[in-house]
Amino acid sequence: MVEIGPGLGFLTRFLSTYGCRITAVDLDRECVEELEKSNIDGVEICHQDFLQFDLNSIECKSLKVVGNVPYQITTPIVARLFGEIGAPSAWLSKIDCVVMTVQKEVAERFVADPNNKEYSQITLLIKYFARAELLEVIPADSFVPEPNVTSAVVRMTPYDKPPIDCSDHKLLRQIIRAGFKQRRKMLRNNLSFLNLSPEDIGKLLASLKIDPMVRAERLSLDQFAKIANAVVALR
């Protein structure tokens with residue numbers, strides 16, 4: 001098991017009672033020193049930035065990843081764990097599940113469905129790699145010191161393979177990024193980088209039974225993949 005940001009080790013101690021081997025990764029030197037003094041059985045403490053941590057350095061066939069994740073770097077941590085669409089991380093195949101406590105608004109973004117204001121690029125990244133579930137909402141007064149936000153626990157279980165068929169993942173990433181860059185604009189107006197006229201883009205969308213007036217936030221991951229495949233077919 002890998003714990004991201006163990007802090008003073010409250011969760012670490014709880015997890016250690018189950019007899020699992022834990023690698024606790026924390027950048028804060030003072031927290032690392034306190035954890036080392038605690039000498040918790042089965043826990044290896046690593047003083048390092050998790051965003052630079054090589055999960056393949058842990059010799060095991062499968063990993064569970066847990067953590068009360070620093071809110072400001074939640075998205076980079078998810079990208080570090082999973083990789084990019086079409087470019088999985090080097091350790092993705094051995095991650096069994098990821099369970100994180102994050103800001104409630106971020107958790108809602110992780111599990112959002114299309115046509116929801118929380119639906120975003122990170123939503124689609126997670127949907128490409130894993131099934132995400134919001135398990136529990138945690139009020140601020142459950143923590144010491146008490147944060148200014150409500151938190152939530154999210155579980156992400158990686159798929160054996162992506163749930164879509166796409167012939168050009170780089171193009172898919174570009175289309176998603178462009179679509180959400182100005183999310184209140186119609187998707188066809190955000191796809192000018194394709195060097196197709198708005199009329200041609202409108203026809204392409206209509207051929208896929210997608211409303212030419214659609215915004216990115218209304219499309220599923222599968223629909224984005226179909227757009228990418230249709231553009232490839234035109235080239």
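Bear in mind these aren't lab numbers, they're just calculated from the coordinates by the rules spelled out. In this text, all values refer to a predicted model and were calculated from it rather than measured experimentally. Here the Cβ is made from the backbone with ideal geometry for all residues, glycine too, and neighbour counts use every protein chain on show.
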Tally Lys and Arg at +1 and Asp and Glu at -1 over the other residues with C-beta under 13 Å from the C-beta of residue 49: what net charge comes out?
-1
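Can you give the FRET efficiency for residue 37 and residue 134, using 1/(1 + (r/R0)^6), R0 = 25 Å, r = Cβ-Cβ distance, to the nearest 0.05?
Working: r = 35 Å, r/R0 = 1.42.
After rounding to 0.05, the efficiency reads 0.10.
Can you give the longest run of the chain that contains no chymotrypsin sites (Phe, Trp or Tyr not before Pro) sitting in a DSSP loop with at most 15 other Cβ atoms inside 10 Å? If you can, show how the numbers build up before the last one.
Details: sites that count: 18, 143, 159.
Of all site-free stretches, the longest is 19-142.
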Förster radius 22 Å - calculated FRET efficiency between residue 196 and residue 84 (Cβ-Cβ, nearest 0.05)
0.35
Label residue 105 and residue 10 with points 7 Å out from Cα along Cα→Cβ: what is the distance between them in nm?
2.3 nm
Size of electric dipole in the stretch 1-149: Cβ of Lys, Arg +1 and of Asp, Glu -1, about Cα centre, debye, nearest 20:
520 debye
Principal axes first, then extents: for the Cα atoms of the stretch 50-111, list largest minus smallest coordinate on each axis, whole Å, largest first.
34, 25, 21
Restraint check, 117/181; 94/117; 37/61, Cα-Cα greater than 26 Å:
94/117; 37/61
Who wins for biggest fluctuation among 176, 210, 122 in a Gaussian network model of the chain, springs between alpha carbons below 10 Å?
210
Hey, what's the per residue convex hull volume over the C-alpha atoms of the stretch 150-235, in cubic angstrom?
119 Å³
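For the pairs 104/226; 127/170; 104/170; 203/226; 104/161, flag any whose C-alpha to C-alpha distance is greater than 25 Å.
On the way: 104/226 31 Å; 127/170 16 Å; 104/170 30 Å; 203/226 14 Å; 104/161 28 Å.
Over 25 Å Cα-Cα: 104/226; 104/170; 104/161.
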When the Cα centres of the stretch 53-74 and the stretch 25-46 are compared, how far apart do they sit, in Å?
15 Å
State, to one decimal in nm, how far the label point of residue 28 lies from the label point of residue 203, with both points 7 Å from Cα in the Cβ direction.
5.9 nm
Please sort by residue number the GluC sites (Glu not before Pro) in the stretch 6-101 whose DSSP state is loop and whose Cβ has at most 16 other Cβ atoms within 10 Å.
59
On the Cα set of the stretch 50-194, report Rg and Dmax in Å, please.
16.3, 50
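Could you work out the helix-only [θ] at 222 nm for the chain, with each DSSP H run of four or more residues adding -39,500 (n - 2.57) and the total divided by the number of residues, to the nearest 500 deg cm²/dmol? Walk me through the numbers before you get to the answer.
Working: 9 runs with 84 residues, N = 235.
-10000 deg cm²/dmol, from helical runs alone.
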R0 of 22 Å, Cβ-Cβ distance residue 211-residue 235: FRET efficiency to nearest 0.05
0.40
